[in-house]
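Below: the structure, in structure tokens.
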Amino acid sequence: MINQKTIKAYALKNAIEHNGKAVVGNILNSLFKEGLKKTGIKKIIPEINQVLKQINTLSIDEQKKQFNDLQKLIKHRKTRQGLPELPNTKKAKVITRFAPSASGPLTLGHILTIGLNLLYVKKYGGKFYVRIEDTNPDNIYKPAYKMIQKESKWLTSNKAIIVIQSKRMILYYKYAEKLINKNSAYICTCSPEKFKELSLKKKPCPCRNLNKKENLQRWKKMLDKKGYGQGQAVLRFKSNLQDKNPAMRDFPLARINITKHPLQGNKYKVWPLMNLSVTVDDIEMKITHIIRGKDHRDNAKRQKLIYKALGKEKQYPWISFIGRLHFKDLEMSTTKMRQAIEQGKYAGWDDPRLPTATSLKKRGYKPEGFWKFVEQKGISEVDKVISQKDFFEVLDMFNK
Ligand SMILES: [Zn+2]
């Protein structure tokens, strides 16, 4: 029988799967499976709307909590095989991206995320960017550039459009200036301690109230080789100082780092932080859909604020957050793998015991095998723990 509780169960399930906002049409589809007749639609829609009013304002965590209590009411609890349809694909093709850091080569974890994005691009048509994040000169492993490019090409049969962020610095500067001009960003010269102290009290630092002209002068001084030194000035986004999460308050967009960059040398001293570079690139590349780890939820919020400040809110992509696949007995950190290689514990990045793309390729795995695995696993926000043995048993089956 379809009662208010059943509607709520499906609405919560739908909301959790769609970024916290349930959609009437999806809930109707589920209710048909519960026995709803076409003639009953008119009567039930107001009831659904009433439920949506209640749940769409809840945080995802709260939705999950409530869903936990109601999920027994759901008949078709098993998720179907294959990936769900993406919304907003009627007019636009799917333009999506994968953004590995230049700190190491691609691992199995990366491959699975690439798979989700790539499968959608294959299904709907569109573009797939691999954007190498290298705007933190302290965190770059130079050989990673070549490795990421080579492995991305292999995995995507050359479909990946490869972009290196440090070659787009002028663009990030342009947007930083735009934000200053819109009074949405300012240059803070306070010590990190002082800024933090004020921020925790939800108070502005003295720099926040400087006018546009003064901020543009400071920006010049930031860029100028003889201007501010490392640690003396930070470009900050003007967010809401009352935000309940202190890390969201006036978060940084760019900073000075004089470490020599492996590709750019000493050409630049001001480096964008990920929220600025990611937003600029997503806007410029007209990204339509993003599938990313749920650990990026706060960053997604920050990036949405920047879109809004730039008047690009309508262009903001559809985002799906995914849980991680944790391997009980496999190390995925490239930093740790690198240390072990340097200590002679492994022969190199292609050592068959390492879960790197280059090693998996050498072992005979084919991209199609991974994609079948990804398709079967589907999209889920729930973290999963798996052992190496269980994982490779399934992968081997697909790789035949
Ligand atoms: Zn300040």
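The values are calculated or read from the model by the stated rules, or taken from the named source; none is laboratory data. Predicted model, so just to flag it, every value in this text is computed and none were measured. Glycine also receives a Cβ, built like all others from the backbone with ideal geometry; neighbour counts cover every protein chain displayed. Note: areas computed on protein heavy atoms with side chains; ligands, DNA, RNA excluded. Shrake-Rupley method; radii C 1.70, N 1.55, O 1.52, S 1.80 Å.
Largest first and to the nearest Å, give the Cα extent of the range 74-192 along each principal axis.
Between the extreme Cα coordinates on each principal axis of the range 74-192 lie 57, 37, 29 Å.
What is the antiparallel percent of DSSP beta bridges lying wholly in the chain, to the nearest 5?
40
At 10 °C and 1.306 mPa s, what whole-number value in µm²/s does Stokes-Einstein give for the translational diffusion of the range 183-272, with Rh from the Kirkwood sum over Cα pairs?
Estimated diffusion coefficient is 116 µm²/s.
So, in nm, how far is label Lys150 from label Ile45 when the simple model puts each one 7 Å beyond its Cα toward the Cβ?
The modelled label-to-label distance comes out at 5.8 nm.
Label point 7 Å out from Val382 along Cα-to-Cβ: which residues of the range 37-78 have amide N under 18 Å?
Of the residues in the range 37-78, 60-78 have backbone N under 18 Å from the label point off Val382.
I'd like the distance separating the alpha-carbon centroids of the range 150-174 and the range 216-247, in whole Å.
Computed from Cα coordinates, the inter-centre distance equals 27 Å.
Per DSSP H run of n ≥ 4, the term is -39500 (n - 2.57); total these for the chain, divide by its residue number, and report the mean residue ellipticity at 222 nm rounded to 500 deg cm²/dmol.
-13500 deg cm²/dmol
Under the 0.36 nm per residue contour assumption, what length would be gained going from the current alpha-carbon distance of Lys213 and Lys122 to full extension?
Going from the current span to full extension adds 28.0 nm.
Give the ranking of Asp396, Asp61 by solvent-accessible surface, highest area first, calculated with a 1.4 Å probe.
So the residues, ranked largest to smallest area, are Asp61, Asp396.
At 7 Å along Cα-to-Cβ for each site, give me the label-to-label distance between Lys336 and Arg363 in nm.
1.7
Express the Stokes-Einstein translational diffusion coefficient of the chain in µm² s⁻¹, to the nearest whole number, given a Kirkwood radius over alpha-carbon pairs, 37 °C and a viscosity of 0.692 mPa s.
Here the translational diffusion coefficient equals 139 µm²/s.
Once the Cβ-Cβ distance between Lys203 and His18 is put in as r, and R0 is 22 Å, what FRET efficiency do you end up with, to the nearest 0.05?
0.05
Only Cα pairs within less than 10 Å get springs; with that Gaussian network setup on the chain, which residue of Lys43, Lys212, Lys314 has the largest fluctuation?
For the chain, modelled as a Gaussian network with Cα springs under 10 Å, the answer is Lys43.
Starting from the amide H of Gly293, placed 1.01 Å from N in the peptide plane, find each other amide H under 5 Å away whose residue is 5 or more places distant or on another chain.
So Gly293 has HN proximity to Ile322.
Sequence-distant or interchain residues sharing an amide H contact under 5 Å with Ala99, placed H: which?
Arg131
Please report the accessible area of Tyr173 (heavy atoms, 1.4 Å probe, ligands and nucleic acids excluded) in Å², nearest 10.
Here the accessible area works out near 30 Å².
Go through Ile283, Ile41 and list them by solvent-accessible area, largest first, probe radius 1.4 Å.
Descending accessible area places them as Ile41, Ile283.
For the range 306-386, what does the convex hull of the Cα positions come to per residue, in cubic angstrom?
Here the figure is 157 Å³ per residue.
In whole Hz and in residue order, list the ³J(HN,Hα) couplings for the range 43-53 that follow from phi through the Karplus curve 6.51 cos²θ - 1.76 cosθ + 1.60, θ = phi - 60°; x for Gly and Pro.
In residue order, the calculated couplings are 6, 8, 4, x, 5, 4, 4, 5, 5, 4, 4 Hz.
Largest first, how would Asp243, Asp138 line up by accessible area (1.4 Å probe)?
Asp138, Asp243
Give the Kirkwood hydrodynamic radius (Å, one decimal) of the range 4-73, defined as one over the mean of 1/r across all pairs of different Cα atoms.
Taking every pair of different Cα atoms in the range 4-73, averaging 1/r and inverting gives 11.8 Å.
With θ taken as phi - 60° and the coefficients 6.51, -1.76 and 1.60, list the Karplus ³J(HN,Hα) couplings across the range 291-305 in order, rounded to whole Hz; mark glycine and proline as x.
10, 9, x, 5, 5, 9, 4, 5, 5, 4, 5, 4, 5, 5, 4
With point charges of +1 on the Cβ of Lys and Arg and -1 on the Cβ of Asp and Glu, referenced to the Cα centre of the range 4-73, which listed residue (Ser30, Phe67, Ala9) lies farthest in the positive direction of the dipole?
Ser30
Rg (Å, one decimal) plus Dmax (Å, integer) for the alpha carbons of the range 147-229?
Using the Cα atoms of the range 147-229, the pair Rg, Dmax is 18.8, 53 Å.
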